[in-house]
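I have placed the structure first, in the form of structure tokens, so that the comments after it can refer back to it.
The values are calculated or read from the model by the stated rules, or taken from the named source; none is laboratory data. Keep in mind that this is a model prediction, so the values were computed, not measured. We place every Cβ from the backbone using ideal geometry, glycine too, and count neighbours over all the protein chains shown. Surface areas here come from the heavy atoms of the whole protein model, side chains and all, with no ligands, DNA or RNA. Shrake-Rupley method; radii C 1.70, N 1.55, O 1.52, S 1.80 Å.
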Amino acid sequence: MITRRQSLALGGAALLARPALISSAAAQTKKIDHLPATQIWSVYDVGSTGYVEASAIADAMGKAYGTRVRLQPSGTSIGRVLPLKQRRASHAWLANELYFAVEGLYEYADPQWGPQDFRTLCGRKNAFSVVATKESGITRPEDLKGKRLAYVPANTSVNLKVEPILAFAGLTLNDVEIVQFPSYGASLRALIEGRADAAGAAPAAAVLRELDASPRGISWVQLDPDNAKGWEAARKAVPFVDPFAETVGAGMSEQNPANVMGYRYPMVTVNADADPDEVFAMMQALDQSYDLYKDVSGIMTRWKMKDAGTPPMDAAFHDGAIRYLKKAGIWSDAHQQWQDRTLKRHQALQAAWKEFMGGPGGKESGEALEKAWMPVRAKAIAAL
């Protein structure tokens with residue numbers, strides 16, 4: 001099993017290989033002022049949905065504007081974030097590693113990192129919930145109490161998103177029976193094999209089709225979109241979640257949607273000090289080339305800017321992105337309130353880290369430093 005800290009080394013190794021895809025235009029048909037002619041995007045590994053989506057959008061931008069995009073894939077969190085931090089990539093297409101990076105969590109609770117100053121442009125809506133066997137009788141978050149929850153210690157992204165679902169019903173991991181497994185796939189297969197009752201999952205996971213067709217059946221933990229108290233508790237656990245009615249996945253359809261938890265993956269991310277004019281131009285390119293990539297797969301329609309350009313995200317929006325969203329009539333007063341709260345959180349955590357690193361805790365290393373940082377981080381968030 002690979003530890004979080006070992007991913008630092010793997011991330012560095014991924015940078016050495018630097019496989020890439022070049023997207024170039026057959027014919028340049030348009031021009032956008034301030035749009036860089038050449039870009040490097042740090043993306044998820046080849047074969048992932050994130051890689052496929054970035055490839056499709058890069059190809060569309062090449063056809064529309066002659067933009068040449070190099071995709072730099074990596075299978076590790078650090079391998080995707082480090083090129084952006086080092087400014088070797090202009091954009092990073094990230095999932096929850098963005099939240100970990102701006103919050104200084106896990107491998108980012110390290111002297112080389114700490115809370116990072118990143119900003120988002122936009123991100124596709126995605127779904128997540130706890131999937132269960134139908135025979136377990138689990139349909140609501142409160143039904144999880146005392147049940148066997150499949151859990152992968154090294155899968156921090158999934159584990160993080162299970163917490164708000166439990167919090168929705170006032171539960172924590174202490175209220176379920178944890179059954180550990182070595183991988184995400186093994187945790188889901190455990191439901192088919194009868195070794196667990198439930199597991200955190202994305203609806204599109206292929207193995208869930210097998211669960212749906214099995215004698216055990218499939219059930220999704222449904223989160224009432226009108227339960228304001230539940231959603232308040234969920235967002236207190238993790239701030240980037242929202243109600244989402246999913247229709248694509250095992251055990252759900254247009255006729256039978258599941259009310260689950262929404263988050264963003266992938267999110268187009270830049271450094272906070274990225275040129276606002278270039279960010280504005282990138283937003284324009286993403287928006288205006290939509291018709292060229294929306295039919296690549298069923299999921300690509302979720303990149304429509306009115307959906308992809310709204311909070312919550314794992315980090316605050318860049319000023320250049322907000323300027324474009326205002327011009328497009330998408331940005332609202334409620335969105336700005338979310339932005340102001342999120343920026344305040346970023347600033348508080350960065351200030352707390354700076355003070356922490358100057359004190360006794362900053363002299364620790366590895367897991368000891370992470371352990372010392374967590375109560376300092378919690379205190380900074382509680383003070384907001």
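Can you find even one residue in segment 30-44 that is of a type outside the set (G, A, S), farther than 21 Å from G79 by Cβ, modelled with pLDDT under 95 and open to solvent by 30 Å² or more (accessible area, probe 1.4 Å)? Looking through segment 30-44, at least one residue is of a type outside the set (G, A, S), farther than 21 Å from G79 by Cβ, modelled with pLDDT under 95 and open to solvent by 30 Å² or more (accessible area, probe 1.4 Å). Among the numbered conditions (1) crowded, with 16+ Cβ neighbours inside 10 Å; (2) in a loop (DSSP other than H, G, I, E, B), the only one that M261 does not meet is (2). Residues of segment 108-143 that are among the β-branched types (V, I, T) and surrounded by fewer than 18 Cβ atoms within 10 Å (Cβ to Cβ): T139 alone.
Pairing residues of segment 216-228 that are more than 25 Å from A196 (Cβ to Cβ) and assigned to a loop (DSSP other than H, G, I, E, B) with residues that are open to solvent by 50 Å² or more (accessible area, probe 1.4 Å) and small (G, A, S), at Cβ distances under 8 Å and at least 6 apart in sequence or on separate chains, gives P225/A245. For beta carbons closer than 7 Å, sequence separation of 6+ or different chains, a first residue in segment 50-61 that is more than 13 Å from R124 (Cα to Cα) and a second that is assigned to a helix (DSSP H, G or I) and of a type in the set (A, V, I, L, M, F, W, C), the qualifying pairs are A56/M300; A60/L292; M61/A285.
Check whether at least one residue in segment 243-257 is within 26 Å of V158 (Cβ to Cβ), open to solvent by less than 30 Å² (accessible area, probe 1.4 Å) and among the hydrophobic types (A, V, I, L, M, F, W, C), and report yes or no. Scanning segment 243-257, I find at least one residue that is within 26 Å of V158 (Cβ to Cβ), open to solvent by less than 30 Å² (accessible area, probe 1.4 Å) and among the hydrophobic types (A, V, I, L, M, F, W, C), so the answer is yes.
Residues of segment 211-228 that are farther than 21 Å from P164 by Cα and out of contact with any Lys or Arg (no Cβ under 8 Å at 6 or more places or on another chain): L211, D212, A213, S214, P215. Of the residues contained in segment 327-338, none is found to be in a helix (DSSP H, G or I) and under 11 Å from C122 (Cβ atoms). When you check L349 against the structure, is it modelled with pLDDT of 95 or more, buried (at least 20 other Cβ atoms within 10 Å of the Cβ) and within 20 Å of the chain's Cα centre (by Cα), yes or no? When the stated conditions are applied, L349 passes them. If you go through segment 82-99 and keep only what is open to solvent by less than 20 Å² (accessible area, probe 1.4 Å) and without any contact (Cβ under 8 Å) to a residue 60 or more places away in the chain, you end up with just A89.
Looking only at segment 224-247, decide whether some residue is out of contact with any Asp or Glu (no Cβ under 6 Å at 6 or more places or on another chain) and closer than 28 Å to M61 by Cα. Within segment 224-247, not a single residue is out of contact with any Asp or Glu (no Cβ under 6 Å at 6 or more places or on another chain) and closer than 28 Å to M61 by Cα. Checking each residue of segment 286-302 against the condition of being free of Cβ contacts under 8 Å to residues at least 12 places away in the same chain and touching a Ser or Thr at 6+ places or on another chain (Cβ under 6 Å) gives at least one match. Evaluate the following for S332: is it exposed (fewer than 15 other Cβ atoms within 10 Å of the Cβ), closer than 19 Å to Q116 by Cα and of a type in the set (S, T, N, Q)? So S332 fails the test. Conditions: (1) farther than 30 Å from G362 by Cα; (2) of a type in the set (S, T, Y); (3) open to solvent by less than 10 Å² (accessible area, probe 1.4 Å). S74 meets all but one. Number of the miss? All conditions pass for S74, except number (1).
Please work out if E278 is over 25 Å from P164 (Cα atoms), out of contact with any Lys or Arg (no Cβ under 8 Å at 6 or more places or on another chain), modelled with pLDDT under 95 and of a type in the set (D, E, K, R). Spelling it out, it is not the case that E278 is over 25 Å from P164 (Cα atoms), out of contact with any Lys or Arg (no Cβ under 8 Å at 6 or more places or on another chain), modelled with pLDDT under 95 and of a type in the set (D, E, K, R).
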